[in-house]
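Below is one structure, written out as structure tokens; comments come after it.
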Amino acid sequence: MFDLILRQARLVDDTVIDIALKDGKIAALGEVTGEAREERQLNGEYYVSAGWIDSHVHCYAKSPIYHDDPDSVGVATGVTTVVDAGSTGADDIDEFYELTRKAQTDVYALLNISRVGLIAQNELSDMANIDKVAVRDAVQRHPGFIVGIKARMSSSVVGANGIKPLERAKEIQRENGDLPMMVHIGNNPPDLDEITELLSSGDIITHCYNGKPNRILNPAGELRASVAKAIARGVRLDVGHGTASFSFEVAKIAIGQGILPHTISSDIYCRNRINGPVHSLGAVMSKFLSIGLSLPQVIDCVTAHAADGLRLKHKGRLEVGLDGDLTIFELKRQPTLFTDSEQQTLTGDRLLVALAAVRAGKWFDCE
């Protein structure tokens, strides 16, 4: 007896299968025989993928700057797993952890290397806030919750410290089992060439298609040599759309040159969710369909690639034994006007609409 069977679910390669869940895990795939406590008939009309993972959100409700509710950016929008990217540091990670235990969405954290987290925009302007012992202790207290570290490397954050916080972050990374590290890029200093020089395989550059002068493209519109070398070393590119960090122009030029994102993430919080330009992970994914990525490429960026980048080995794929996390969605053919962080617009003809999330085998209708 299964807990839930989805009958005739359409995968992104347009094959149609049944998916059975039991005890919060994927129990069977294909033509499933047997009964379940609950069955949902999809008739081959609706797409199902592994549960969408948003690897860059801000959902610590008590953050004074970037806050939201995990379920408002999670299961309510078809996203089964969210990773908060540095809202909290060692000082408030315990409280954040306790709050997330009440969420239906699966929540993880990238620990801000500043112990005070995002209580202000300049959390790395005082090197005393980068406390290695406090980071180590926090990681040891929450080994399954903290999946990496976050360093925001833009001028407003680091102040006069330049590249020093990132040098310290790499030391912290090495001293804590080479945890994945996400690095925010924005206005310089420090210069992007300095930043990429320090990055190694598995490190993640977020806001990779931002339109600021300190971006991945040089003035001629070509990929900076330093970024090309970093990618060749295994550094990963994450979208991190956000309020001020995504440019259609940069993304189109880069993708046209084959510089694809490894992961598509939203950098969502209450204001850019409600007022835009982000709205939801599905809306951000739709923008990449309009730029030219295929549906399988876009889905991989929020499932398998996202799970791989943050070492969430129990997620991201439709395989027996992995977490029973699924996203049920439609691909609507309709003209839609999209807006980037530069207030530039693009009209697309395909819109991803999440209908439901299944998290650990439990069904949630999207809002």
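The values are calculated or read from the model by the stated rules, or taken from the named source; none is laboratory data. Every value quoted in this text rests on a predicted model; they were computed, and no experiment measured them. A quick note on method: Cβ atoms are made from the backbone with ideal geometry, for glycine too, and the neighbour counts reach across all protein chains shown. When the accessible area is computed, the model is the full protein with side chains, heavy atoms only, and any ligands, DNA or RNA have been set aside. Shrake-Rupley method; radii C 1.70, N 1.55, O 1.52, S 1.80 Å.
Before moving on, here are some points about what is shown:
- Filter result for the condition that a residue is more than 15 Å from the chain's Cα centre (by Cα), modelled with pLDDT of 95 or more and of a type outside the set (A, V, I, L, M, F, W, C), over 200, 265, 245, 280: 200
- Within the stretch 197-218, the set of residues being aliphatic (A, V, I, L, M), surrounded by fewer than 24 Cβ atoms within 10 Å (Cβ to Cβ) and under 15 Å from residue 183 (Cβ atoms) comprises 198, 199.
- Subset of the stretch 111-125 [out of contact with any strand residue (DSSP E or B) (no Cβ under 6 Å at 6 or more places or on another chain) and either open to solvent by 10 Å² or more (accessible area, probe 1.4 Å) or over 14 Å from residue 63 (Cβ atoms) (or both)]: 115, 116, 119, 120, 121, 122, 124, 125
- Strands (runs of 3 or more DSSP E) completely within the stretch 139-223 that count 2 or more residues being on the phi < 0 side of the Ramachandran plot and of a type in the set (Lys, Arg): 146-153
- Considering 54, 91, 84, the condition of being over 25 Å from residue 237 (Cβ atoms) and charged (D, E, K, R) is satisfied by 91 alone.
- The strands (runs of 3 or more DSSP E) found wholly in the stretch 1-110 and carrying at least 3 residues that are out of contact with any Ser or Thr (no Cβ under 6 Å at 6 or more places or on another chain) and either open to solvent by less than 10 Å² (accessible area, probe 1.4 Å) or under 24 Å from residue 242 (Cβ atoms) (or both) occupy 2-10, 16-22, 79-85.
- Per-region count, the stretch 238-263, residues closer than 19 Å to residue 349 by Cβ and either in a loop (DSSP other than H, G, I, E, B) or aliphatic (A, V, I, L, M) (or both): 2
- Residues located in the stretch 300-322, provided they are under 19 Å from the mean Cα position of the chain (by Cα), on the phi > 0 side of the Ramachandran plot and open to solvent by 20 Å² or more (accessible area, probe 1.4 Å): 311
- Within the stretch 118-137, residues that are free of Cβ contacts under 8 Å to residues at least 40 places away in the same chain reach partners that are open to solvent by less than 50 Å² (accessible area, probe 1.4 Å) and assigned to a loop (DSSP other than H, G, I, E, B) with beta carbons closer than 8 Å, at six or more positions or on different chains, in the pairs 123/89; 123/114; 123/116; 123/117.
- Check on residue 325, open to solvent by 60 Å² or more (accessible area, probe 1.4 Å), at pLDDT 95 or above and touching a strand residue (DSSP E or B) at 6+ places or on another chain (Cβ under 6 Å): no
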